[in-house]
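Each value in this text was obtained by applying a stated rule to the coordinates, not by laboratory testing. These numbers come from a predicted model, not from an experiment. Please note: Cβ atoms are built from the backbone with ideal geometry, for glycine as well, and neighbour counts cover all protein chains shown.
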Amino acid sequence: MNLFRSEHLKELIIDTLLQISPQSGKDLLGSINKQAKYSKQGMYKSLNNLIEEKVVLKQGTQFLINNLWKEKLIASLSPSNILPNHLEEGDSIALSFFNPLETDRIWAHYFLQAYSETNGPVFIYDPHEWFMVAHKESEEAVFNKFNQDKRRLCVSVAKDTENDLLFAKKYRSDFISINTGLDYKIPTYEYVNVLGDYVFEAQFTVGFAEDLDGIYETSDTEKELVARVTELVNGNHKVKLRISRNIKKAEAYTKKFSKDFIL
């Protein structure tokens, strides 16, 4: 196994166990292979490395994240990378990352926090919804929450490649509306979420956006798309994420996005 695949497998193990822990080796391998194909031998080799590094613990036949490691990780984040439990009107916080996949993990965490504090429809604007490709299991769990809670989710995708259209077709439901090929005069490297008066604005690099466009335009199969997107988002690409509580900004975005949906 080459270095990239080895490190990627470790990331998948950590991410999966952070989502659901503890898990048996069999269940863990099943969860991982929904995102990328790895052998049983390769997974256990990476698991043993993570156990030696005190990232993962083994209890009988079950594997789980070491809470001491998790606490150290949280403590190592600078104060500017910790979102307060509650933002007041007019408050905002700016976060910087150098890895899109890590950005997605933190983003999803605070997205669900904002979700629990608000009501009404949620609006998502993405140039491409690559989160469902790179983090399928956790992203599907978020989408399923909207269906279970009978809460409207309105997703606007800027591009309309065949892969974007397939995503829209697969995940539309009674509560999830997805439109593609929408032009809001927003740069193709920016992403926006609106939940009540919470606004999430993420800015990736132009290079990342161009590479992502190329992948979506030229990937002929889902397997190829997953492999290429996963490799891209595991790379070093600077990302700026701003989370704010701003009624006027939220209303402006809502007005812009809602005109393309029947609410």
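Look at the alpha carbon pairs under 8 Å that are at least 6 residues apart: their mean separation over the length of segment 77-201 gives a relative contact order of 27 percent. Please state the shape class of segment 158-263: rounded when a/c is under 1.5, otherwise prolate if a/b exceeds b/c and oblate if not, all from the C-alpha gyration tensor. Oblate, because a/c is 1.5 or more while a/b does not exceed b/c.
Helices in the chain, meaning DSSP H runs of at least 4 residues, each add -39500 (n - 2.57). Divided by all residues, the mean residue ellipticity at 222 nm is -15500 deg cm²/dmol.
Once the C-beta distance of residue 152 and residue 210 is scaled by a Förster radius of 45 Å, the resulting FRET efficiency is 0.90 to the nearest 0.05.
Rounded to the nearest 0.05, the FRET efficiency derived from the C-beta distance between residue 184 and residue 240 at R0 = 30 Å is 0.95. Of the trypsin sites (Lys or Arg not before Pro) found in segment 175-263, the ones in coil according to DSSP and having at most 13 other Cβ atoms within 10 Å of their Cβ are 185, 259.
What ranking do 42-55, 126-139 get when scored by the average of other Cβ atoms within 10 Å per residue, highest first?
126-139, 42-55
The angle between the Cα long axis of helix 222-233 and the longest principal axis of the Cα atoms of the chain comes to about 90 degrees, rounded to the nearest 10. Projecting label points 7 angstrom from Cα along Cα→Cβ for residue 174 and residue 259 puts them 3.1 nm apart. Each label was represented as a point 7 Å from its Cα along the Cα-to-Cβ direction; for residue 145 and residue 41 these points are 4.0 nm apart. With a ≥ b ≥ c the root eigenvalues of the C-alpha gyration tensor of segment 90-156, is it rounded (a/c under 1.5), prolate (a/b larger than b/c) or oblate? Oblate. Using R₀ = 41 Å, calculate the FRET efficiency as 1/(1 + (r/R₀)^6) where r is the Cβ-Cβ separation of residue 93 and residue 221; round to 0.05. FRET efficiency, residue 93 to residue 221: 0.55. Can you give me the angle between helix 67-76 and the longest principal axis of the chain, using Cα atoms only, in degrees from 0 to 90, rounded to the nearest 10? Long axis of 67-76 versus the principal axis of the chain: about 50 degrees.
Helix 162-171 and the longest principal axis of the C-alpha atoms of the chain enclose an angle of approximately 90°. For segment 137-153, 3J(HN,Hα) computed residue by residue from phi via the Karplus equation (6.51, -1.76, 1.60; θ = phi - 60°) reads 5, 6, 5, 5, 5, 5, 4, 5, 4, 5, 5, 5, 7, 6, 10, 6, 10 Hz, glycine and proline entered as x.
Give the shape of the chain as rounded, prolate or oblate, defined through the alpha-carbon gyration tensor: a ≥ b ≥ c are the square roots of its eigenvalues, a/c under 1.5 means rounded, and otherwise the shape is prolate if a/b is larger than b/c and oblate if not. Cα axes put the chain in the prolate bin.
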